[in-house]
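Structure first, then comments.
The values are calculated or read from the model by the stated rules, or taken from the named source; none is laboratory data. Since this is a predicted model, take the numbers as computed values, not measurements. All Cβ positions, even for glycine, are placed from backbone atoms using ideal geometry, and neighbour counts span all protein chains on display.
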Amino acid sequence: MNKIRKGDEIVVITGRDKGRRGTVSQVRADGTLLVEGINVAKKHQRPNPNAGIAGGIVEKEMPIQASNVMVWNAKAGKGDRVGFKVEGEGEKRRKVRVFKSNQELVDG
């Protein structure tokens, strides 16, 4: 179970995009994330008439390491660490994500 999931709002804590917030659009198996509007690079693209792709310089979102971001805690107004807690008893037991600072649910 990952601490950061698709759809989470995150804040970048290091690098050239430090302090910027965005929403996770993809979590990759190698521990990197694609975040909307974060870590955007310019790529020179060759035209491909068969696929209908025009050539030129396009902006592309590049992966960012999960260790360089924190999940945004709206109540605290800052990025926060995430931990796990077991809720419920018996058949209703489940593992949930909680913020470390105030023990509130990340998803709820």
Practice task
Report, ordered by the first and then the second residue, all pairs with beta carbons closer than 7 Å, sequence separation of six or more or different chains, a first member in segment 49-72 that is under 30 Å from Lys100 (Cβ atoms), and a second member that is loosely packed, with under 10 Cβ neighbours inside 10 Å and of a type outside the set (Phe, Trp, Tyr).
Solution key: Met62/Ala41
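One line per residue, one yes/no per condition, for (1) surrounded by 16 or more Cβ atoms within 10 Å (Cβ to Cβ); (2) modelled with pLDDT under 95; (3) among the hydroxyl-bearing types (Ser, Thr, Tyr); (4) closer than 13 Å to Gly79 by Cβ:
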{"position": "Met1", "(1), (2), (3), (4)": "no, yes, no, no"}
{"position": "Arg20", "(1), (2), (3), (4)": "no, no, no, yes"}
{"position": "Val27", "(1), (2), (3), (4)": "yes, no, no, no"}
{"position": "Gly52", "(1), (2), (3), (4)": "no, yes, no, no"}
Exercise for the section: Return a yes/no flag: does segment 42-55 have any residue that is of a type in the set (Lys, Arg) and closer than 12 Å to Ile4 by Cα. Expected result: no
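Evaluate segment 37-45: report whether one residue or more is surrounded by fewer than 17 Cβ atoms within 10 Å (Cβ to Cβ), in a loop (DSSP other than H, G, I, E, B) and at negative phi.
So the first thing to find is which residues in segment 37-45 are surrounded by fewer than 17 Cβ atoms within 10 Å (Cβ to Cβ), and the list is 37, 40-45.
If we keep only those that are in a loop (DSSP other than H, G, I, E, B) too, we end up with 37.
With at negative phi added as a condition, the list becomes none.
No, there is no match, as no residue in segment 37-45 is surrounded by fewer than 17 Cβ atoms within 10 Å (Cβ to Cβ), in a loop (DSSP other than H, G, I, E, B) and at negative phi.
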Practice task
Working only within segment 41-99, note down all residues that are over 27 Å from Lys18 (Cβ atoms) and among the charged types (D, E, K, R).
Solution key: Arg46, Lys85, Glu87, Glu89, Glu91, Lys92, Arg93, Arg94, Lys95
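Per-residue answers, yes or no, for (1) surrounded by 13 or more Cβ atoms within 10 Å (Cβ to Cβ); (2) part of a strand (DSSP E or B):
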| position | (1), (2) |
| --- | --- |
| Val58 | no, yes |
| Val71 | yes, yes |
| Ala76 | no, no |
| Val86 | no, yes |
| Glu91 | no, no |
